[in-house]
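Here the structure is laid out as structure tokens; the discussion comes afterwards.
A short reminder: the numbers here are calculations on the coordinates, not readings from a lab. All values reported here derive from a predicted model rather than from experimental measurement. Glycine also receives a Cβ, built like all others from the backbone with ideal geometry; neighbour counts cover every protein chain displayed.
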Amino acid sequence: MVMGRPDSGGAFTPMPAALVVLMLALLLGLQPLSTDLYLPALPALQGQLAAGMAQAQLTLTALLLAFGCSQLVWGPLSDRWGRRPILLLGLSAYVLAALGCALAQSIEALIVWRAVQGVALGAAVMCARAVVRDFYAPVEGAQAMSRALTGLGVIACLSPPVGGWLAGQLGWRATMAALAVFGVLVWLLVLLRFQETLHQPNPQALQPVHLLRTWGQILRHPTFLAFTATTTFSYAGLFTYLAASSFTFIQVLGWSGTAYGILLACNGLLYVSGTVLCRRWVARWGVRRSMQLAGALSLTGGSLMGIFALLGVQSGWAYVLPFWLYIVAHGIHMPCGQSGAVGPFPQAAGTAAAVNGSVTMVVAFGIGHYLGQHMNGTVWPLALGVWFWGICAALTAWTLVQKFGESQKS
């Protein structure tokens, strides 16, 4: 099977379906790779650069804030000029920023380079989401996105143990150098094999009046709001876990760095399982029913974590096992929600994907900033945070998505 769009001269430019999924997986996988690869080394990084906990957290949250905000620029640019040039530009900047991180001599410099890396990351992830809408209608897009996110899950599985090994053998800088190497490989694949997927570039996409009107239409659309709320809340719980878990499991619960790396890899495997389950559920029940069931998993997993924390349970497994329910649900919410949010806007897919991603990352930045100030040597920030966001994800999946989500045949 081949897929493609007519190029500017009217000729058909096919890409095999398997290549499309591979590229999407690698582009989307840059996000967990950029966050998860260095997480096992975060405590060591903090010590070597003489940074406080809030500063160490800022190496993650600065990347995410820049990642989210930059998509508001990359989206209209890709709607105007196409996905391919934006991908090449963003990936080039990503590689340079990763090298800057590897060579940083202070925590302040590292934070700056991580922010630059986040800006570049926004181009890759936003374009990948827009490509899905270029090719697919919403329901088919959810299935295609789930396949790509399965690849993302594999990358997420491998990132923590590989990052832990690199940090243990070569130091934390090696994790940043590895990001540069991966970025180069993805850049080469895009350069050599990616064919433009945007059929009709929008010459008005960058005009301020048109852009503001488009943003307004997107932000007022109930389908966009329903799906974006659910994916944002689901990711907020995941990000709470990512931002707090290294300190919670290693410093509070006494796990080793190796055990923590294995834990993150297992989380990735469960996420992959969620994306596979998503494809089956969507084919059988449609998007809305699938997200409704996923909401039950989000609520159950988060609630168990919160209850164990309130009871004072200090066993790490009391928080690991319930979170596995949450991460499976996340593997269902994300492909359905990301595809559904962009679905109503085939002529502004880049801009819609950008707004969706920006909202999610701005919320994640706020969570990271809060956790940097409130990590108190207990499991409460981790467990109660996931519980709260699990409640929010379940409620939106059960209400807004059911009322405003696209039907299975749309």
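Counting pairs of Cα atoms in segment 325-410, how many percent are more than 21 Å apart?
Working: 1557 of 3655 pairs.
Beyond 21 Å sits 43 percent of the P(r) for segment 325-410.
Near GLN207, within a Cβ-to-Cβ distance under 12 Å, what is the net charge of the other residues, with Lys and Arg +1 and Asp and Glu -1? Spell out each step's value before the answer.
On the way: positive: ARG80, ARG213; negative: ASP79.
Spelling it out: positives minus negatives among the neighbours equals +1.
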Exercise for the section: Please list the non-local residues whose amide H lies under 5 Å from the amide H of MET15, H modeled 1.01 Å from N, same-chain partners needing a gap of 5 or more. Expected result: MET3, GLY4
Problem - Among (i) 47, 25, 17; (ii) 50, 21, 18; (iii) 32, 25, 18, the entry that matches semi-axes √(5λ) of the Cα gyration tensor in Å as calculated here - result: (iii)
Exercise for the section: Would you calculate, for the chain, the mean residue ellipticity at 222 nm contributed by helices, counting each DSSP H stretch of 4 or more residues as -39,500 (n - 2.57) and dividing by all residues, to the nearest 500? Expected result: -28000 deg cm²/dmol
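Once the convex hull of the C-alpha atoms of segment 76-147 is built, how many Å³ does it hold per residue, rounded to a whole number?
Values: hull volume 7.0 nm³, N = 72.
Convex hull volume per residue, Cα atoms: 98 Å³.
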Exercise for the section: Normalise the Cα radius of gyration of segment 266-323 by 2.2 N^0.38 Å (N = residues in it) and let me know the number. Expected result: 1.34
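Expressed in nm to one decimal, what extension gain is obtained for the pair HIS199 and VAL362 from 0.36 nm per residue of sequence separation less their Cα-Cα distance?
Values: separation 163, 0.36 × 163 = 58.68 nm, distance 3.05 nm.
Gain on stretching HIS199 to VAL362: 55.6 nm.
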Handout entry: Inter-label distance, nm, simple model (7 Å from Cα along the C-beta direction), GLU140/LEU185
Key = 3.1
Exercise for the section: Could you please state, rounded to a whole Å, how far the C-alpha centre of segment 141-204 is from the C-alpha centre of segment 350-385? Expected result: 22
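So for the chain, averaging the separation of alpha carbon pairs under 8 Å that are six or more residues apart and normalising by length, what relative contact order in percent results?
Values: 796 pairs, mean separation 113.7, N = 410.
That works out to 28 percent.
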